[in-house]
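First comes the structure, then the notes that go with it.
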Amino acid sequence: MTFNKRFALNSDLLQEEEGQEVISVITDSDFEDDEKRVYPESLPILPLRNTVMYPGVVFPVTVGRDKSIKLIKDAYKKNRIIGVVAQKDQETEDPQDTDIYTTGTLAHIIKMFKMPDGNTTVIIQGKRKFDIQELTQTDPYLKAKVSYIQEDKTDESEETLALIDNIRDIASRIVEISPNIPTEANFALKNINSPKFLVNFISSNLNVSVDDKQDILETAVFIDRAKLVYTHLDKELQMLELKNKIQTKVKVDLDQQQKEYFLQQQIRAIQEELGHESPDKEIESLRARGRKKKWGDQVAKAFNKELDRLLRMNPATPDYSVSLNYAEVLLELPWNEFSKDSFDLVKAKEILDADHFGLEEVKERILEFLAVLKLKGNMKSPILCLFGPPGVGKTSLGKSIARAMGREYVRMSLGGLHDESELRGHRKTYIGAMPGRIVQSLKKAGTSNPVFVLDEIDKIGSDFRGDPSSALLEILDPEQNNAFHDNYVDLDYDLSNILFIATANRMDTVQPALRDRMEIIDISGYTVEEKIGIAKQHLVPKQRKEHGLKAQQFKISDKNLERVIDHYTRESGVRTLDKRLAALCRYQAKELVYGNSPKPSLTNQTIAQVLNKYKMEKDLHEDPDIAGVVTGLAWTAVGGDILFVESSLTRGKGKLTLTGQLGEVMKESAITASTWLKAHAEQYKIDTVIFDQYDLHIHFPAGAVPKDGPSAGITILTSLTSLITQRKVKSNLAMTGEITLRGKVLPVGGIKEKILAAKRAGIKEIIMSSSNRKDVEDIKAEYITDLHIHYVDKMSEVLDLALLKSKVKNPLHFELK
C-alpha cells in the first residue's frame, strides 16, 4: 500500500497540502445517492497514467498534456463532470481509443489551481462507474458516449462482514510494519465505515500494477471485488514480513568497520532464503571445474588469482560481476582440447566429391594436408584463401572440409567489419566488455582445432575505430598465431592448430601483407558443362527434397538444363541457377496439388512459361560493319563478360577523349595505345597529320558501369588502328591483353572467366598473351574444343591477326591541311 505522509481531517474531507492525497469520508447512503443522480450520457474523457480512479475516492491529478488541460478548463467552466479512464501504456503521449481501458469512473472536479511549474492540478472525486460505448470526439480532447454501471448492494452476511474486517486488519498491519507508511493512515482506515468505500480506498492505494487495479474496478460483484483486494493485500503483507525476517537475520550493531560485513551477510541471507548458493560456494564450484581443465600453468595461475580476488570482494560491487564473468570465460574456452582428425584419405575424398563438383585444386590441397599430418603427427595448419566469383561454393566448401577432416566448423563473416575490437575483444575493465569474435567462436566450437571460415575477407573496412585487416595479420600468420592475444582474455591462446579458410571475390582490396600470409587458391567460374554436372548431382536433388517432390515427379534433361543456364542465368557460379530450379519445382508442386497431373519431365514450353520473367538477353558478339569497333574481354566480380570498344574521328586539334566511366589504369592504356600508334604510323601507312588535325574519341558502351584495368590495352589499340586505316576487324574475334610502349603484349588475369564469356557470346577466336598459355591449359580441353586461341608476344602480331587486308567500301576521306 502507498499512503502519503500527512493527512488533515475535516468533517467532509480529509485534505492534504499541495502534492498530497485527498481522501473524502463516504457513507453507503452517499453511494446510493450517486446511483440515483442523473448524469450526462456523453462525457469528456481524461486518460490517467499509472493509476485507476475508484468511486468515492478523492485525489489530486496534475495534468500537463495540452488536450488534458483544455478538457479540465472546459469542464471546470461547465458542470465539472468528467470521465476518468486508465491508459494501457504510460509512455503513450496521445492516447486513442485502443490505448485506454473502456471501463472508467465518472468524477467531479472539486478544485483546480495552477502550479508554479506551469502544470495544472485538479482535485477530483470519483462518483460512479461507466462503460465507454463509443468515442464521439478525438479533438481537442477525447469525448465518449457512456453507459453507467449499476453497482450491486452490499449484503451484510457474516462472510462479507468477516472479509471486510480481515481487509481492515491486514491494511492496519501493513501500515504498522511498513517503514514508508505514516501511522496516521491507521486513523483514516478506522474512520471509514462504508465497506464499499473501504475497498475502493484501499484499492486505490494498493502497490500493484495498473492492469491489476483495472481488474478490481471491472469486477462487478462486491464480494468478488473484496476478495481480489484481500488477495493483493495478503501478498503485500507476506512480502513485508519476509523482508523484515531477512533484515532480522542479519541485524547487528553497526559501525563503520562492520558495514561491509553486514551487506555481505544480508546478500547471503537473501540467497539462502531463495535456495541459491552463497558466493563462496559458487567460487569453490568454479575452482573445482578449473582443476579438470587441460590448460597450462600460466592460465591456471591467472584463473586462481581471479578467484582469490573474488573472495575478497563484496558481491554487490560492479567489479564482482566483471571478475566472475572473466573467470567463467576462461573456464568455457577449450584450452588444449582438440577433436580427433580423420586420416582416411579415401573417405575424405569421397565426402569432398559428394559435396562439391569440380574444385580439384582445393580438394587436392586438403588431402595433401591430411597426408602430411598423418605422417608427421603434428604440423601448422595452412592458411587458405579461396578466391573467385560469387556462387561457386567457396563458403560451403569450408563446411565440407570440416566434415571430411572430422573437425568442428566455425564461420565468421567479415563483410562490413570496421572495428578492430570485434576481433581482439575489449579490455575487461570496460563495462559490457566481451572477448573478440575469434575467441567467442572457439568457445562455441568447443575445440581448439576447428575449420574456421573467414567469409568475405575482401570486404573488411577501416575507420577511426581501427583497421581489422591489420589485426588479421597476427591471426593468420603461422609464426605468430600460436600466441594470439585477446584483449579481454589477456592471455596467449594458440591458434596454430586451426585450419583457417578465407573467402574473397576480389584480391585487389585485400591488404598486400595479408595476401602474403595466405595460400591463394583461384576458384574460377564454371563452364556450362560443369554447371550441368552440379545441377544434376546437387541442385536438382536438393530442390526436389525441399519442395517435397519425388524423383519420378520432377525430371529435367541435360538439354533443358543447358537452356535454363543459357537463357535465364548470367553468372560464374550456380546461385541463380539454384533459384531458377526452385521456381520450376514450385510450379511442379503447385500443378500436382491442383491435380493437373503434370508431366514429370519438363518441356521447353513449361520452362519458358515459368521462367519467362527471368529471361536474359545474351551478350552476343556483333560483327562490326564499320571500322573502329572491336570486341574485348573483361573480368567482373560475377564472372567474365565481353566488352565493345568504339572509336571515332572528328575534326579538331588532336585531342583524345575517353568516355564510359573509365578508371585511371584504363585511361593510361588508351594513352599508351595512341602513343604507340603515332610512333608506328609509317609502318601502317598512316598520315601523322591526322593526329594533329582530328580529335580521337574512344567510347566503352554501358556507361553506367565503372570499368578499369589494363587488359583492354590491345583492344583499344586495335580499335584505333582499324578506325584510322579503315580496315575492319575479323568476325567472331575477341581479345585481351596489356600493352607497353615497346609494343609488347603482357599477360592479364581472369582468363578462365573471359574464355567462358567469349564462348557464351559465340566468339570463335581469341587473341591473348603467350604468357597466359598456362592459364588456358588449366581448363579441361573438352570445354574449349570449338575455340581457336592465338598466342602473341607483340602488338604487331595482334594487328596482323585482327585486321582484314581490305578496307571498308566507303572509307573515310581525310581532308588534311
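General observations
- Per-region count, the stretch 761-785, residues farther than 22 Å from Lys805 by Cα, open to solvent by 10 Å² or more (accessible area, probe 1.4 Å) and either among the charged types (D, E, K, R) or not in a helix (DSSP H, G or I) (or both): 11
- Residues that are in a loop (DSSP other than H, G, I, E, B) and open to solvent by 30 Å² or more (accessible area, probe 1.4 Å) within the stretch 666-681 comprise just one, His680.
- Flag if Lys428 is farther than 30 Å from Arg291 by Cα and charged (D, E, K, R): no
- Screening the stretch 482-501 for residues that are open to solvent by 50 Å² or more (accessible area, probe 1.4 Å) and part of a loop (DSSP other than H, G, I, E, B) and picking the one that is farthest from Trp635 (Cα to Cα) gives Asp490.
- Residue count for the stretch 729-742, restricted to those that are assigned to a loop (DSSP other than H, G, I, E, B), surrounded by fewer than 23 Cβ atoms within 10 Å (Cβ to Cβ), in contact with a strand residue (DSSP E or B) (Cβ under 8 Å, 6 or more places away or on another chain) and not basic (Lys, Arg): 2.
- Residues that are open to solvent by 100 Å² or more (accessible area, probe 1.4 Å) and either acidic (Asp, Glu) or at pLDDT below 90 (or both), drawn from the stretch 789-817: Lys805, Lys807, Lys809, Asn810, His813, Glu815, Lys817
- Note on the stretch 355-401: residues that are basic (Lys, Arg) and out of contact with any strand residue (DSSP E or B) (no Cβ under 8 Å at 6 or more places or on another chain) amount to 4.
- Of all residues in the stretch 543-570, those that are loosely packed, with under 15 Cβ neighbours inside 10 Å and in a helix (DSSP H, G or I) total 7.
- Taking the stretch 502-525 as the range and being more than 23 Å from Ala402 (Cβ to Cβ), open to solvent by 20 Å² or more (accessible area, probe 1.4 Å) and of a type outside the set (A, V, I, L, M) as the test, the residues that pass are Arg506, Asp508, Thr509, Gln511, Pro512, Arg515, Asp516, Ser524.
- Selection status of Asp419, touching a Gly at 6+ places or on another chain (Cβ under 8 Å), of a type in the set (D, E, K, R), open to solvent by 20 Å² or more (accessible area, probe 1.4 Å) and in contact (Cβ under 8 Å) with a residue 24 or more places away in the chain: yes
- Failed item in (1) outside any loop (DSSP other than H, G, I, E, B); (2) more than 30 Å from Val564 (Cα to Cα); (3) out of contact with any Asp or Glu (no Cβ under 7 Å at 6 or more places or on another chain); (4) open to solvent by less than 60 Å² (accessible area, probe 1.4 Å), with Val745 passing the rest: (3)
- For the stretch 382-406, a residue qualifies if it is closer than 21 Å to Leu472 by Cβ and surrounded by 19 or more Cβ atoms within 10 Å (Cβ to Cβ), and the qualifying residues are Ile383, Leu384, Cys385, Leu386, Phe387, Gly388, Lys394, Leu397, Gly398, Ile401, Ala402.
- Cβ-Cβ under 7 Å pairs, at least 6 apart or on other chains, the stretch 284-311 side closer than 11 Å to Leu330 by Cα, far side in a loop (DSSP other than H, G, I, E, B) and open to solvent by 50 Å² or more (accessible area, probe 1.4 Å): Trp295/Asn336
- Enumeration of residues in the stretch 80-131 that are of a type in the set (Val, Ile, Thr), open to solvent by 30 Å² or more (accessible area, probe 1.4 Å) and in a strand (DSSP E or B): Ile110
- Qualifying residue in the stretch 422-432 (condition: under 25 Å from Glu479 (Cα atoms), open to solvent by 20 Å² or more (accessible area, probe 1.4 Å), at pLDDT 80 or above and assigned to a helix (DSSP H, G or I)): yes
- Among residues of the stretch 479-492 that are under 16 Å from Arg437 (Cα atoms), those with a beta-carbon under 7 Å from a residue that is open to solvent by 70 Å² or more (accessible area, probe 1.4 Å) and of a type in the set (S, T, N, Q) at least six positions away or on a different chain give the pairs Leu491/Gln298.
- In the stretch 64-79, residue farthest from the chain's Cα centre (by Cα) [restricted to those that are open to solvent by 80 Å² or more (accessible area, probe 1.4 Å) and under 17 Å from Leu142 (Cβ atoms)]: Lys78
- Residues of the stretch 644-665 satisfying the condition of being in a strand (DSSP E or B), more than 21 Å from Ala704 (Cα to Cα) and open to solvent by 70 Å² or more (accessible area, probe 1.4 Å): Thr650, Arg651
- Of all the criteria given as (1) surrounded by fewer than 19 Cβ atoms within 10 Å (Cβ to Cβ); (2) out of contact with any Ser or Thr (no Cβ under 9 Å at 6 or more places or on another chain); (3) touching a residue at least 40 places away in the same chain (Cβ under 8 Å), the one not satisfied by Tyr684 is (2).
- Test for Ala269: is it surrounded by 12 or more Cβ atoms within 10 Å (Cβ to Cβ) and modelled with pLDDT under 75: yes
- Total residues in the stretch 35-63 satisfying the condition of being out of contact with any Gly (no Cβ under 8 Å at 6 or more places or on another chain) and open to solvent by 20 Å² or more (accessible area, probe 1.4 Å): the figure is 13.
Conditions tested, residue by residue: (1) under 23 Å from the mean Cα position of the chain (by Cα); (2) at pLDDT 85 or above; (3) on the phi < 0 side of the Ramachandran plot.
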site	(1), (2), (3)
His418	yes, no, yes
Gln440	yes, yes, yes
Ala445	yes, yes, yes
Asp455	yes, yes, yes
Pro478	no, no, yes
Tyr488	no, yes, yes
Val510	no, no, yes
Asp522	no, no, yes
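- Only residues that are farther than 25 Å from Asp152 by Cα, aliphatic (A, V, I, L, M) and in a loop (DSSP other than H, G, I, E, B) were counted across the stretch 172-207, and they come to 1.
- Unique residue being within 25 Å of Leu274 (Cα to Cα), acidic (Asp, Glu), in a helix (DSSP H, G or I) and modelled with pLDDT of 85 or more when the list is Asp169, Asp234, Asp165, Asp215: Asp234
- Residue that is farthest from the chain's Cα centre (by Cα) [pool: residues in the stretch 146-181 that are within 30 Å of Pro44 (Cβ to Cβ) and surrounded by 15 or more Cβ atoms within 10 Å (Cβ to Cβ)]: Glu151
- Single match in Ala702, Ala758 (criterion: more than 17 Å from Val665 (Cα to Cα) and surrounded by fewer than 21 Cβ atoms within 10 Å (Cβ to Cβ)): Ala702
- Single condition Asp516 does not satisfy, out of (1) without any contact (Cβ under 8 Å) to a residue 12 or more places away in the chain; (2) not in a helix (DSSP H, G or I): (2)
The values are calculated or read from the model by the stated rules, or taken from the named source; none is laboratory data. Nothing here was measured: the structure is a model prediction, and the numbers come from that model. Glycine gets a Cβ as well: all are built from the backbone with ideal geometry, and neighbour counts include every protein chain shown. To get the accessible areas, we keep the full protein, side chains included, count just its heavy atoms, and leave off ligands, DNA and RNA. Shrake-Rupley method; radii C 1.70, N 1.55, O 1.52, S 1.80 Å.
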